[in-house]
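The block underneath contains the structure these notes are about, expressed in structure tokens.
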Amino acid sequence: MSKQVQKKMPWAIVQAQHRNFAIASEYVSQILLIPNVTAVPGAPPYVRGVIEFRGRVFPLVDLRLRLGLIAMAAEGGNFCNLMSAREQDHHRWLAELRRSVEERRPFTLATDPHQCAFGKWYDSFRTNDAWLGALLKKFDEPHRTLHALAVRVKQFQDQDRHDAAVEVVSGDGVNILNAMVNLFGELRGTIQGSCREMVLALSIDGRPLAITVDSVVAIDNIQPEELPPGADPASGGVVHRIGKRTSSNDMVLIVEADRILSRDAIDRVLSMSRKPAGATPPATLPRSA
């Protein structure tokens, strides 16, 4: 397809790892939820396998990996692991506060909610996901209140009110921490539940190809331009142009659909997917196929 023709047609605006990309809609035949995937041994790491749709078999490429980005599942797992670590931090924080009261010694961990590891992350984290942002906002009060307990405990210790200090930790402290634990669990569940990719079924010169994307943002017209000299989007060789959306003037990177997987590579993946179980493993495809 000529670039002049592409300029006159709408584009599918998709998202991958919080970035917007455009794919010429001329290539797109269908948008669907990700179906069952059958692995293909020997395929490049960004080829997940094959899927079947409307009686046809499509090689399935993870667009994130093809662009040199982190896979959605890995990103979600990293986020959940981070939140689990920050949750454990606060279990240890309250346990240390309790020990300091029992041993009648100064508490040395952070009393400022902005200075603990979660507080520093929270203050710097930005998201365009309204649901995720609203959930994170729920941490404000319990997180601030939990750290403020250390100040209350010190006041009671200074007044030699040991029993009151113990009651604050074992009562309010446990209740607030439990509320935060529930929020951390809800946050992890939200992230895990949001790792549902969309699939674009494409046709490359009559050959079937499917790609995973985080989401489909819009169908829009764009004005394609060549990348500035020296620009290197580090996109695995599939991005050579940028485009300005006519509806918003936002810039997007253009994914050249016919560069995602070469025609020969599509044919080889389809051939490999038809190998019977127990057959001699096929030769590994080049990683840059």
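The values are calculated or read from the model by the stated rules, or taken from the named source; none is laboratory data. Keep in mind that this is a model prediction, so the values were computed, not measured. Glycine gets a Cβ as well: all are built from the backbone with ideal geometry, and neighbour counts include every protein chain shown. The area values use the complete protein model at the heavy-atom level, side chains included, leaving out ligands, DNA and RNA. Shrake-Rupley method; radii C 1.70, N 1.55, O 1.52, S 1.80 Å.
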What's the longest bit of the chain with no exposed trypsin sites (Lys or Arg not before Pro), using DSSP loop states and at most 12 other Cβ atoms within 10 Å as the test? 197-273
Apply the Karplus curve 6.51 cos²θ - 1.76 cosθ + 1.60, θ = phi - 60°, to the phi angles in segment 198-207 and return the couplings in whole Hz, x for Gly and Pro. 9, 10, 9, 8, 10, 10, 10, 6, x, 8
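For I34 and I70, calculate 0.36 nm times their separation in residues minus their Cα-Cα distance, and state this gained length in nm to one decimal.
Difference between extended and current length: 11.1 nm.
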Ranked by GNM mean-square fluctuation in the chain (Cα springs under 10 Å), the top entry among N20, N175, N221 is N175
Rounded to the nearest 20 Debye, what is the dipole magnitude of the chain about its Cα centre when Lys and Arg each give +1 and Asp and Glu each give -1 at the C-beta? 840
Given only helices, namely DSSP H runs of n ≥ 4 each adding -39500 (n - 2.57), what is the per-residue ellipticity at 222 nm of the chain, to the nearest 500 deg cm²/dmol? -12500 deg cm²/dmol
Heavy-atom accessible area of C80, protein chains in place, probe 1.4 angstrom, given in Å² to nearest 10, is 10
What is the total of Lys pairs in the chain with C-alpha atoms under 29 Å apart, excluding same-chain pairs fewer than 8 positions apart? 8
Run the quick spin-label model on E141 and Q159: label points 7 Å from Cα toward the beta carbon, then report their separation in nm to one decimal. 2.5
Given the options T145, S124, I176, identify the residue whose Cα lies farthest towards the positive end of the charge dipole of segment 122-212 (+1 on Cβ of Lys, Arg; -1 on Cβ of Asp, Glu). S124
Taking N as the number of residues in segment 79-143, the ratio of its alpha carbon radius of gyration to 2.2 N^0.38 Å works out to 1.30
Let me test this: with uniform point scatterers at the alpha carbons of the chain, what is the Debye-based log₁₀ I(q)/I(0) at q = 0.13 1/Å? -0.91
All-pairs Cα distance distribution in segment 159-232, expressed in whole percent, bin size 10 Å: 13, 17, 21, 15, 12, 10, 9, 3, 0
Over segment 1-92, what lengths in whole Å, largest first, do the semi-axes of the equivalent ellipsoid take, defined as the square roots of 5 times the eigenvalues of the alpha-carbon gyration tensor? 33, 20, 12
